[in-house]
Amino acid sequence: MGWHFRALSGTDPFVIDQTVTVTFRGKPQPWILELLAALGETLAAHGGTAGILRDNAPAPLNTWPGMDALVVSTENTLA
């Protein structure tokens, strides 16, 4: 949505990707499980969910275009 806003307004928005760790189609991708394991202590300290600036995120997330920050969570199943 942020990039659509930018195209319409000319304002550069701060974009947060909230779907990075969401489990689509009922099965998480292997790299997501590795990411959650690597961030396990941090996520536990924040109740299972944390926001991370892209520049501070672990690879490969720190190189993803089109976002400034992301939300990583252990609660990822779509109901």
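The values are calculated or read from the model by the stated rules, or taken from the named source; none is laboratory data. Nothing here was measured: the structure is a model prediction, and the numbers come from that model. Every residue, glycine as well, gets a Cβ built from its backbone with ideal geometry; the counts of neighbours run over all protein chains shown. Surface accessibility is based on the protein's heavy atoms, side chains included, excluding ligands, DNA and RNA. Shrake-Rupley method; radii C 1.70, N 1.55, O 1.52, S 1.80 Å.
Overview of values
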| item | result |
| --- | --- |
| Condition check for THR49: under 18 Å from VAL22 (Cβ atoms) and touching a helix residue (DSSP H, G or I) at 6+ places or on another chain (Cβ under 6 Å) | no |
| Residue ranges of helices (runs of 4 or more DSSP H) in region 1-63 with at least 2 members open to solvent by 90 Å² or more (accessible area, probe 1.4 Å) and free of Cβ contacts under 8 Å to residues at least 12 places away in the same chain | 2-9, 30-38 |
| Selection from region 64-79 of residues that are assigned to a loop (DSSP other than H, G, I, E, B) and surrounded by 11 or more Cβ atoms within 10 Å (Cβ to Cβ) | TRP64, MET67, ASP68, THR74, GLU75, ASN76 |
